[in-house]
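In what follows, a single structure is set out as structure tokens and then discussed.
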Amino acid sequence: MQYRKLGRTGLKVSEISLGTMAFGRWIDEKASAGVLDQAIESGINFIDTADVYGRGMDLGDPTLTGESETILGNLLQGRRHDIILATKVKAPVGRGVNDAGLSRYHIYRALENSLRRLRTDYIDLYQVHGFDPNTPLEETLGALDDLVKQGKIRYIGCSNFAAWQLAKANGISAQYLLNRFESVQPEFSLISREIEQELVPYAQSDQVGVIVYSPLGRGILTGKYQQEEKPETGSRLAAGEKRLMQLLEKHPSHELITHIRPLAEARGWSVAQFSLAWVLSHSYISSAILGASKPKHIQDALQFAGERLSAEELAKIDEISRNIGILR
Ligand SMILES: NC(=O)c1ccc[n+]([C@@H]2O[C@H](COP(=O)([O-])OP(=O)(O)OC[C@H]3O[C@@H](n4cnc5c(N)ncnc54)[C@H](OP(=O)(O)O)[C@@H]3O)[C@@H](O)[C@H]2O)c1
């Protein structure tokens with residue numbers, strides 16, 4: 001496993017990290033334990049969750065959230081300090097008017113609940129899960145800064161921010177001498193390349209760490225949906241994950257995979273291994289958050305870890321992506 005710096009900070013995170021959105025949502029605690037043990041054994045030191053992750057995300061019920069944090073809290077007992085633990089706040093976690101968003105009120109309450117579920121007294125990276133147009137950035141950043149000073153969180157980051165939102169936030173932090181967002185967590189994969197336009201150039205210019213989610217396009221970039229006839233039990237296709245269904249319906253990913261497969265096979269790799277290597281071949285990425293519902297998913301991802309694609313392969317992929325309309 002190789003480790004990279006999180007933006008300008010001194011923190012080093014494994015270049016492949018573990019996302020735990022499946023814990024308690026598609027897989028139970030026993031299956032989650034197998035995945036987590038494999039991740040830690042493989043050298044993954046960075047684990048991502050969110051207060052909202054749980055069954056309620058598929059059921060549309062904000063009261064059924066927090067299972068991922070609860071399971072992680074149970075499983076991390078005795079090894080919490082070996083892990084860089086990241087969670088998030090903003091999505092609805094109840095039906096009340098103040099049970100969502102980035103107000104000082106909600107952030108304080110949400111953090112206490114995350115700490116309780118995770119059975120820890122600090123979060124290494126506390127991320128806002130998206131931009132909240134209803135709360136002044138000054139209020140959000142002031143609350144987060146206070147929590148850093150109280151020792152409850154070590155670093156702050158954001159997710160799903162546009163470049164202008166992140167630049168504005170970091171400008172406010174600089175103006176008021178507050179802790180700033182040291183990382184941003186957007187989606188990035190062979191089928192989702194929007195961040196290359198604005199967010200990445202900004203992050204590079206201000207040394208903000210880029211931690212990317214869904215590097216395998218929620219499983220699409222394993223190529224398995226082209227081949228599988230019946231979804232496996234415990235898979236997100238079987239659970240009917242809304243975003244996955246949308247992507248499978250109208251995205252040109254099948255065409256992309258048809259072109260990627262021979263490139264992967266030329267290296268003796270799977271489509272998933274090639275897709276992950278493509279993400280990690282971008283040096284501005286601090287870590288790619290892999291989703292896994294089985295230990296084998298992590299073993300597969302780690303098999304060729306550290307290998308980078310050549311300039312010719314990267315150029316070929318750009319050409320293919322332009323031809324099928326994924327890249328402008
Ligand atoms: N900030 C945000 O808004 C946001 C949004 C989404 C995700 N995230 C974070 O990013 C993490 C990863 O997201 P993701 O799960 O969408 O990532 P992903 O890595 O693109 O997809 C993971 C899925 O791919 C399949 N897979 C992985 N390796 C495989 C293999 N070797 N063979 C066959 N199938 C394989 C599995 O699907 P099956 O389980 O169905 O087999 C797995 O659940 C989440 O857990 C979460 O922490 C953040």
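The values are calculated or read from the model by the stated rules, or taken from the named source; none is laboratory data. Fair warning: this is a prediction, and the values are worked out from it, not measured in the lab. Here Cβ is always computed from backbone atoms with ideal geometry, including for glycine, and neighbour counts include all displayed protein chains. These area figures cover heavy atoms from the full protein model, side chains too; ligands, DNA and RNA do not enter into them. Shrake-Rupley method; radii C 1.70, N 1.55, O 1.52, S 1.80 Å.
Below is a table of values for the structure above.
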read-out: Leading residue by the ranking (nearest to the ligand (Cβ to nearest atom)) among those in the range 206-235 that are closer than 24 Å to GLY56 by Cβ and modelled with pLDDT under 85; value: SER235
read-out: Unmet requirement for ASP145, which otherwise passes all of (1) open to solvent by 30 Å² or more (accessible area, probe 1.4 Å); (2) away from the ligand (no atom under 16 Å from the Cβ); value: (1)
read-out: Any hit, the range 198-219, residues being within 23 Å of GLY24 (Cβ to Cβ) and either hydroxyl-bearing (Ser, Thr, Tyr) or surrounded by fewer than 19 Cβ atoms within 10 Å (Cβ to Cβ) (or both); value: yes
read-out: When residues of the range 273-297 are limited to those that are surrounded by 20 or more Cβ atoms within 10 Å (Cβ to Cβ) and over 17 Å from the mean Cα position of the chain (by Cα), the one nearest to the ligand (Cβ to nearest atom); value: GLN273
read-out: Check on ALA174, touching a residue at least 24 places away in the same chain (Cβ under 8 Å), over 16 Å from THR87 (Cα atoms), open to solvent by 10 Å² or more (accessible area, probe 1.4 Å) and not in a loop (DSSP other than H, G, I, E, B); value: no
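Let's see how each residue does on (1) part of a helix (DSSP H, G or I); (2) over 24 Å from GLN204 (Cα atoms); (3) open to solvent by less than 20 Å² (accessible area, probe 1.4 Å); (4) not aliphatic (A, V, I, L, M):
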| position | (1), (2), (3), (4) |
| --- | --- |
| THR9 | no, no, yes, yes |
| VAL35 | yes, yes, yes, no |
| GLN38 | yes, yes, no, yes |
| ALA50 | no, yes, yes, no |
| PRO62 | no, yes, no, yes |
| GLU69 | yes, yes, yes, yes |
| GLY78 | no, yes, no, yes |
